[in-house]
Amino acid sequence: MERKNAWNTYEEADLVQVNRIAEQYRQFISDCKTERECAVRIREMAEAAGYVSLEKAVREEGSLQPGDKVYAVHKKKLVILFHIGTEPMERGMNILGAHIDSPRLDIKQNPLYEDGEMALLETHYYGGIKKYQWAAIPLALHGTVVKKDGSTVEIAVGEQPGDPVFGISDLLIHLSSEQLQKKAAVVVEGENLNVIVGSRPLKDTEEKEKIREALLGILKEQYGIEEEDFLSAELEAVPAGAARDFGLDRSMIMGYGQDDRICAFTSLLAQLEVQDPAYTSVCLLTDKEEIGSMGATGMQSRYFENVTAEVMQLSGQYSELALRRCLQNSHMLSSDVSAAFDPNYASAFEKKNTAYLGRGMVFNKYTGSRGKSGSNDACAEYIGQLRGIMDGAGVCWQTAELGKVDQGGGGTIAYITANYGMDVIDSGVALLNMHSPWEVSSKADIYEAYRGYGAFLKARWD
Ligand code: MN
Ligand code: MN
């Protein structure tokens, strides 16, 4: 069954909204290039919408009533928002989940060295990347350096027009006959993803590595950082520059980190706008998805369960059993990006069961690979309910699998929250160039996802 192209459904007034949301999103992904930067901005947006700190409410032994809004930030990388509903929480919550970490190159702990009249930084890539895509493009450095005394230095270099940028070299075509015989996976090798940061030696010094010395001097002078401070730093090399309109018709956006900030941002907007929810609305924006959702800020940690318990306690609704019921009775859209059909690589897709740019929000009943292995595989009953909700709200949506059978696969956080016994389905927005430095999305899909999330938060399940 062919789904309709969302653009065909828009009147002038809709187009104003499509462009308004797309522009907010374009700004968000241009400004927020790391999970920490996302968390800071999300918190600001939440506070502007009337959310208060859960931590503070717990400390002050406050209480929560229906209509109250609280947020929790865990280790500056994971954000959860709750808008308390009128229904008892043990009847379940309506949860929007997405992740705010993206593939990138993390600077190693002992990164700085000099070679061939240049200073370079060693990196270890984070998430699945085609390494050759990261050479010969401008990179920016973002992150936090934590000093021994606990003070921190925030770094973001390479985004402003006057900023320098950094980069990874690639071999000139003239000398590449050997390199070009290699498999694409090793054309540029992981250990060679070294970021060039300088080439000017320090004059009048006895030091052997004068370029390295000069760089350390700049770090000290401009940022107050010693070489040892790299040991406790989280610095990320990411594509430099703002997201742009893509296409002569400006129907798309090209930008870094759309996996999965495109779902995170649209889920967040829907959460901030929901009015008087019946079921408690939750927006869960997690970290570490790209490396398996492990760690204290990943979905596999107990943090979500713990803060849900805190919210129930402040609402006078907590018991161990009530918490179990709340989680099991919840409904969730676990949102992440899907692969949009790509006519340049048509053979990777099965055309009837793939997502297309512009056909709206995507639902994936299952993900996984090699016979759905590792997939959450949402219940048909739940999908039936979602069809009613989305059609009822006039949302353009489509269903998809990631590529054709045995082509590969992928998965996200749905299988983790499904462990509570709740209804959860993978959903989200389709991208071209997923996990590349510059991913492409459709403005219509961004708008439909935002509308779909809004409709979901208002859903009643009885
Ligand atoms: Mn993702
Ligand atoms: Mn991903």
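The values are calculated or read from the model by the stated rules, or taken from the named source; none is laboratory data. Keep in mind it's a predicted model, so treat the numbers as computed, not measured. Cβ sites come from the backbone with ideal geometry, for glycine too, and all protein chains shown count toward neighbours. These accessible areas exclude ligands, DNA and RNA; they are computed on the full protein's heavy atoms, side chains included. Shrake-Rupley method; radii C 1.70, N 1.55, O 1.52, S 1.80 Å.
The table that follows gives values for the structure above.
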{"item": "Scope region 252-267; condition within 14 Å of ligand 1 (Cβ to nearest atom), in contact with a strand residue (DSSP E or B) (Cβ under 6 Å, 6 or more places away or on another chain) and outside any helix (DSSP H, G or I); matching residues", "result": "256"}
{"item": "Residue in region 265-275 that is farther than 23 Å from residue 140 by Cβ, away from ligand 2 (no atom under 15 Å from the Cβ), small (Gly, Ala, Ser) and open to solvent by 10 Å² or more (accessible area, probe 1.4 Å) present", "result": "no"}
{"item": "Selection from region 383-392 of residues that are surrounded by 13 or more Cβ atoms within 10 Å (Cβ to Cβ) and more than 16 Å from residue 428 (Cα to Cα)", "result": "385"}
{"item": "All positions within region 383-404 that are in contact (Cβ under 8 Å) with a residue 12 or more places away in the chain and in a helix (DSSP H, G or I)", "result": "383, 385, 386, 389, 390, 392"}
{"item": "Selection from region 406-431 of residues that are away from ligand 1 (no atom under 14 Å from the Cβ), modelled with pLDDT of 90 or more and of a type outside the set (Gly, Ala, Ser)", "result": "417, 419, 420, 422, 423, 424, 425"}
{"item": "Matching strands (runs of 3 or more DSSP E) fully within region 91-193 where at least 2 residues are of a type in the set (Val, Ile, Thr), away from ligand 1 (no atom under 16 Å from the Cβ) and open to solvent by less than 10 Å² (accessible area, probe 1.4 Å)", "result": "139-146"}
{"item": "Selection within region 151-187 - over 30 Å from residue 27 (Cβ atoms) and in contact with a Pro (Cβ under 8 Å, 6 or more places away or on another chain)", "result": "none"}
{"item": "Of all residues in region 276-296 being open to solvent by 10 Å² or more (accessible area, probe 1.4 Å) and within 12 Å of ligand 1 (Cβ to nearest atom), the one that is nearest to residue 451 (Cα to Cα)", "result": "289"}
{"item": "Residues of region 345-382 classified as outside any loop (DSSP other than H, G, I, E, B) and exposed (fewer than 15 other Cβ atoms within 10 Å of the Cβ), total", "result": "8"}
{"item": "Of all residues in region 102-134 being touching a residue at least 40 places away in the same chain (Cβ under 8 Å) and over 27 Å from residue 293 (Cα atoms), the one that is farthest from ligand 2 (Cβ to nearest atom)", "result": "117"}
{"item": "Qualifying residue in region 297-307 (condition: open to solvent by 60 Å² or more (accessible area, probe 1.4 Å), within 16 Å of ligand 2 (Cβ to nearest atom) and aliphatic (A, V, I, L, M))", "result": "no"}
{"item": "Counted residues, region 405-462 - those being assigned to a strand (DSSP E or B), over 28 Å from residue 255 (Cα atoms) and under 20 Å from the mean Cα position of the chain (by Cα)", "result": "1"}
{"item": "Options 342, 336; residue that is charged (D, E, K, R), buried (at least 22 other Cβ atoms within 10 Å of the Cβ) and in contact (Cβ under 8 Å) with a residue 12 or more places away in the chain", "result": "336"}
{"item": "Complete set of residues in region 393-413 that are of a type in the set (D, E, K, R) and surrounded by 15 or more Cβ atoms within 10 Å (Cβ to Cβ)", "result": "401"}
{"item": "Odd one out for residue 421, checked against (1) among the small types (Gly, Ala, Ser); (2) away from ligand 2 (no atom under 16 Å from the Cβ); (3) open to solvent by 20 Å² or more (accessible area, probe 1.4 Å); (4) more than 30 Å from residue 306 (Cβ to Cβ)", "result": "(4)"}
{"item": "All positions within region 310-360 that are among the acidic types (Asp, Glu) and closer than 19 Å to residue 421 by Cβ", "result": "320"}
{"item": "Criterion violated by residue 352 - all others in (1) within 16 Å of ligand 1 (Cβ to nearest atom); (2) at pLDDT below 95 satisfied", "result": "(1)"}
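Here is a yes/no grid of residues against (1) under 16 Å from the mean Cα position of the chain (by Cα); (2) outside the structural domain of residue 158 (by TED's automatic domain parsing); (3) over 30 Å from residue 107 (Cα atoms); (4) without any contact (Cβ under 8 Å) to a residue 24 or more places away in the chain:
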residue	(1), (2), (3), (4)
25	yes, yes, no, no
44	no, yes, no, yes
50	no, yes, yes, yes
60	no, yes, yes, yes
63	no, yes, yes, no
67	no, yes, yes, no
76	yes, yes, no, no
